[in-house]
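What follows is a set of notes on a single structure, which appears directly below.
The values are calculated or read from the model by the stated rules, or taken from the named source; none is laboratory data. These numbers come from a predicted model, not from an experiment. All Cβ positions, glycine included, derive from the backbone under ideal geometry; neighbour counts span all protein chains shown. When the accessible area is computed, the model is the full protein with side chains, heavy atoms only, and any ligands, DNA or RNA have been set aside. Shrake-Rupley method; radii C 1.70, N 1.55, O 1.52, S 1.80 Å.
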Amino acid sequence: SLAEMGPDSPDDDMPAVLAWDHSSLTFNELVETTVDAIGPKFNQTMFFNSRSEAKFSPTQPLYIRRGDSFRVVTSGSVVEGDFLVRVSESGEYEEELVESVTMDSGEAEITYQISCEPYDWFVAGGYLVHNK
């Protein structure tokens, strides 16, 4: 769980999620998450820092730090110089400098839209992502 974001904040619409902006990101306890739905889609994929084992669609919202502010942006909006929020299985987090952004040039791959409760965020590929 995050001190700066409750289970009902921001609102459940994408514009509110992408407007969220905070000067800190404080991790509280690990919370068991229930997956409500998994929806497969074919998408182009991308990855960061040569970590091709952690691919995302360009529309996947994820948490970053840009300058002095934490925010949620789509993967396709991440640029070199941003910091991704990486979370270990123990719940420890660190910021990873984005040194490269790679768009796969191949065919679309299956990606998954995951909906979970009680919070709208989870860890995918080691990164903190939002499920909207």
| query | Inside the stretch 92-114, can you point out the residues that are exposed (fewer than 13 other Cβ atoms within 10 Å of the Cβ) and either assigned to a loop (DSSP other than H, G, I, E, B) or within 17 Å of the chain's Cα centre (by Cα) (or both)? | reply | Glu92, Glu94, Leu97, Glu99, Ser100, Met103, Ser105, Gly106, Glu107, Ala108
| task | Within the stretch 23-51, work out how many residues are open to solvent by 30 Å² or more (accessible area, probe 1.4 Å), without any contact (Cβ under 8 Å) to a residue 60 or more places away in the chain and within 28 Å of Thr102 (Cβ to Cβ). | result | 2
| note | The condition of being touching a Pro at 6+ places or on another chain (Cβ under 6 Å) and assigned to a strand (DSSP E or B) holds, among Val35, Val72, only for Val72
